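The values are calculated or read from the model by the stated rules, or taken from the named source; none is laboratory data. Bear in mind the structure is a predicted one, so any value in this text is a computation, not a measurement. Here the Cβ is made from the backbone with ideal geometry for all residues, glycine too, and neighbour counts use every protein chain on show.
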Amino acid sequence: MKMTAFKGVLAVAGIQLITATMALATDITVWCWAPEFNGAAMNEAIARYTAANPDTKITVVDFAKGDLETKLQTQLASGTTEGLPDIVLIEDYGAQKYLLSFPGAFEPLTDKIDYSQFAKYKVELATVEGQTYSLPFDSGVTGLFYRSDLLEQAGYKADALKDITWEELSAIGDKVKEVTGKPLLSVDMNDAGAIRIMLQSAGSWYFNADGTANIKDNPVFKAALTSWVGMLKNQNLYKSVSGWGDYTGAFNNGDVAGVFTGVWMTGGIKGNNMSGKWAVAPIPKLAGVEGAGHASNLGGSSWYVLSSAPSKDAAIDFLQKVWASDVDFYQKILVGQGAFAAYLPARDGEAYSAADAYFGGQSVWKDFSDWQAAIPGVNYGIFTNEADAAVTAQLPGLIDGGDIDAAIEAIDAQIAQQIQ
Amino acid sequence: MNRLISVVAQAGMWLAAFISVFPFLWMVTGATNTANDITGGRFLPGTNLFVNIAKFFELVDAGRVFFNSFFVAITGTALTLVVSSLAGYGFEIFASKARDRVFAGLLLLLSVPFAAMMIPLFVMFSGAGLINTYIAMIAPGVASIFMIFYFRQNTKSFPHELRDAAKLDGLKEHQIFWFIYIPVMRSTYAAAMIILFMTNWNAYLWPLIVLQTNEMKTITLTVASLATAYTPDYGLIMIANVLATLPTVLVFFLLQRRFVEGMLGGVK
C-alpha cells in the first residue's frame, strides 16, 4: 500500500516534470528523404512555425529513401518506440502497407485536419476504415514534358499534343525521330511507372479495394499493357536506358525530346539552362477505355504523425498551422523547390498562376492544378512493388511478340503467389 | 611458346587491373564533372571540381560527419583487435576439453545473418537506453567471430617455445601476450587492422538502424542520403564518395606491406 502511494507520488512528480519541460521547450523530430526537396520544404515550414512558436524546436533528419523505410520498418517491428520521430514522410504507394501492417502506430488526423482542402485522391490513399492518417504533401500529378523547339521542327505545336492517345504519341515519336534524329522518350525497361500512370488515368489499379489482385479480368490493365507494349515495339520512339541517372540524364542532356512523369520532375528540368525550349502537355489517354482521362499520378508522398511520439500534439499543431493553412508557404516551396502541393487553396496563390518563361510563358502550375483536380482516386493496396516486378518481368517477351493474354495470366499468377 | 603465354597472361592481368581500377577512375573524374556530363558519359576530367567540393561542404556538416566516422572506425578497430586477439590467443594456447566445442559453436554462429539479429539487437540496445550512441554503434562488432577465428588460425604459427622460454624467465601470461605475442604477430595485427578499419568505416545497416540524429551520422549514411534526390547531383555524389574512400585507401597504403605478410600467414 505504502509502495503504491510512493509510486503514485513518483508518477505525479514525473508528469509534472514532463509538463514542466514541455512548457520550456518542445522538440519535434522529422524524418524524410531528399534534403534538397522534401527537406528544404520542411525547413521552410519550420522557419514559419518557429517564428510564432519560439519554444518549439523542430529538427529534420534526412536519410536515403530506402534507408528511411528500412529504419522505420525495423523499429515498428521491434515494438520499441524509443527513437522514432514525431513526423515521418512516407511515399504514397507504401502508405497502405504501413497503415495496415502496423495498426495503431500512426495517429489518425481525421478530426484535426480539414481534408476537403486537399486533393481527393491523396486523401483516399491514406484512409483506412474511415480514418485518414496523412497530411498530404507533394503531388505526383503527371504531365508530358517536351522540348517545344524540337517538336515544332517536327511540325507539332502545343495544341497538337492535347487530347491525344498513347498510340498517337507513338506516331508523333516517329515523326520527331525522322526530323530531329532524336527519340521522343527515354525508357527504363525495369520501371513500370508508365503502367501505373495509365492505370490510374482510368481510375484503376493492380488491386481491388479489398486487396485482391485486379489483373486478369481488368480491361484497363489489358488496355494499358497493350498500349505500353505497342509503344515499346516502336524503336523510333525511345532511347533505352538503365537506371534513374540514365533516365533523367537522357532528357537533361538533350538526348531525347521529352518525358512523361510526375510534376516533381519540373525542378530537375528547369535546372538545365534550356529556357524557352520546354513545355508541358497533358498525358495521352488510353484509347477505348471508359472513364480514361488525361490526368494521373506518379509517386508523391505525405507526412504522418507517430502515435507514440512524445511531442505528438505539438507535431499536429505544426502540421495544422503551416501545412494545412498557410497558402503563402506553398507559394514559397513551389518557387523554391518546385514542390507542387496537394493543398487545394494553394492554387489561388500568386506563384501558382504565374507564367513561366522556362516553359515559353506557359502557366505550367495552373495547368498541373487543373489536371490534379481530375486525378481519379484509387486504392494502392500494399503490394505495388510486387506487381511492378511481375509486369516488368513480362515486358521483354511481349516486345518480342509474345501473347498479351498469356502474359496477363503469368503476371496474375506471379502476383497471386507473392501476396498470399 | 612461353613468350606467347606470357603475353596472354600479361594481357589478362592488364584487363583485370583495368576492370578493378575503372570504377575508381570513374569516381575521380566524375568528381570533376557536372551531373549532366556524368550521365552523358563524359570520361575526361572536367572543370566542376571546386563547385562540387563547395557544394559538399555547404550541404554536409563535414567536420561532424567525419569525426563520427573516424571515432567509430578507430575505437571499433582498437577494441575489436584487443578482444578478438585475446580470444584467439586463448583458444589456441590453452587446451581444455570444452575448447573445440565452444569454438565450433562460435563458428556456427557465423552462419546467422545480421538481418536476423537486427531487431533483437535493437530491442536490447533500446532497453539499455543506448539508442543513438557511439557505444551502440561499436559494441555489437567488438567480439567478432571472424576475427577470433583469424587470430586463432594465425596463432597456430606462433612458436610455443617462445612462450615457454618467457615463462622460464618469469613473465606472467599478460606480459607474454603484451611483450612477446603482439610484437611477433604484428603482421597479423596489421592485416586485421585494415580489414576492421574498412568494415567499421563502411558499416551501414546497423548504424542506419541505431542512429537517430544528424549529429551522429557517419559518412556512409550521408553519401547514401545525397544519392536519393529526385534529380541526383552526381558530381556532388562522386566528390562525397572520393572523400569517403580516401581514409581507407590511406590506411591500406600505410599498412600494405604488413597486410600482404599477414595474409600470407603470420609470424615474422
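Given the residues B:Thr47, B:Thr32, which is the only one that is of a type in the set (Val, Ile, Thr), farther than 30 Å from B:Thr188 by Cβ, buried (at least 21 other Cβ atoms within 10 Å of the Cβ) and at pLDDT below 95?
B:Thr32 is the lone residue from the list that is of a type in the set (Val, Ile, Thr), farther than 30 Å from B:Thr188 by Cβ, buried (at least 21 other Cβ atoms within 10 Å of the Cβ) and at pLDDT below 95.
Checked against the criterion of being buried (at least 20 other Cβ atoms within 10 Å of the Cβ), under 21 Å from A:Ala194 (Cα atoms) and outside the structural domain of A:Tyr206 (by TED's automatic domain parsing), region A:333-341 contains one or more residues that satisfy it.
Out of all the residues in region A:47-71, which are more than 10 Å from chain B (Cβ to nearest Cβ) and either touching a Cys at 6+ places or on another chain (Cβ under 7 Å) or surrounded by 20 or more Cβ atoms within 10 Å (Cβ to Cβ) (or both)?
The answer is A:Tyr49, A:Ile58.
Taking the criterion of being free of Cβ contacts under 8 Å to residues at least 24 places away in the same chain and outside any helix (DSSP H, G or I), the only residue of region B:1-31 that qualifies is B:Met1. No other residue among A:Gly381, A:Gly349, A:Gly401 is modelled with pLDDT under 90 and either within 16 Å of the chain's Cα centre (by Cα) or outside the structural domain of A:Ile333 (by TED's automatic domain parsing) (or both) apart from A:Gly381.
This table checks each residue for (1) within 20 Å of A:Met189 (Cα to Cα); (2) not in a helix (DSSP H, G or I).
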position	(1), (2)
A:Lys216	no, yes
A:Val220	no, no
A:Ala223	yes, no
A:Thr226	yes, no
A:Leu232	yes, no
A:Phe251	yes, no
A:Thr261	yes, yes
A:Trp264	no, no
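With respect to the conditions (1) buried (at least 18 other Cβ atoms within 10 Å of the Cβ); (2) free of Cβ contacts under 8 Å to residues at least 60 places away in the same chain; (3) not polar (S, T, N, Q), B:Gly105 falls short on a single one, namely (1).
Please determine whether any residue of region B:180-203 is within 14 Å of chain A (Cβ to nearest Cβ), in contact with a Lys or Arg (Cβ under 6 Å, 6 or more places away or on another chain) and buried (at least 20 other Cβ atoms within 10 Å of the Cβ). Within region B:180-203, none of the residues are within 14 Å of chain A (Cβ to nearest Cβ), in contact with a Lys or Arg (Cβ under 6 Å, 6 or more places away or on another chain) and buried (at least 20 other Cβ atoms within 10 Å of the Cβ). Tell me yes or no: at least one residue of region A:101-118 is closer than 20 Å to A:Trp205 by Cα, buried (at least 24 other Cβ atoms within 10 Å of the Cβ) and either modelled with pLDDT under 95 or more than 14 Å from every other protein chain (Cβ to nearest Cβ) (or both). Taking every residue of region A:101-118 in turn, none turns out to be closer than 20 Å to A:Trp205 by Cα, buried (at least 24 other Cβ atoms within 10 Å of the Cβ) and either modelled with pLDDT under 95 or more than 14 Å from every other protein chain (Cβ to nearest Cβ) (or both). Residues of region A:248-263 that are at pLDDT 90 or above and within 14 Å of chain B (Cβ to nearest Cβ): A:Ala250, A:Phe251, A:Gly254, A:Asp255, A:Val256, A:Val259, A:Thr261, A:Gly262, A:Val263. Looking across region A:72-96 at every residue that is closer than 20 Å to A:Gly300 by Cα and in contact with a Gly (Cβ under 8 Å, 6 or more places away or on another chain), the one that is nearest to the other protein chains (Cβ to nearest Cβ) is identified as A:Glu91. Using the structure shown, decide if A:Val241 is closer than 24 Å to A:Ile399 by Cα and within 14 Å of another protein chain (Cβ to nearest Cβ). Judged against the criteria, A:Val241 is a match.
For region B:111-162, what are the residues that are surrounded by 15 or more Cβ atoms within 10 Å (Cβ to Cβ), within 11 Å of another protein chain (Cβ to nearest Cβ) and among the small types (Gly, Ala, Ser)? Across region B:111-162, the qualifying residues are B:Ser126, B:Ala136.
Taking region A:299-368 as the region of interest, the helices (runs of 4 or more DSSP H) fully inside it that hold 2 or more residues being of a type in the set (Val, Ile, Thr) and within 24 Å of B:Tyr230 (Cβ to Cβ) are A:327-337.
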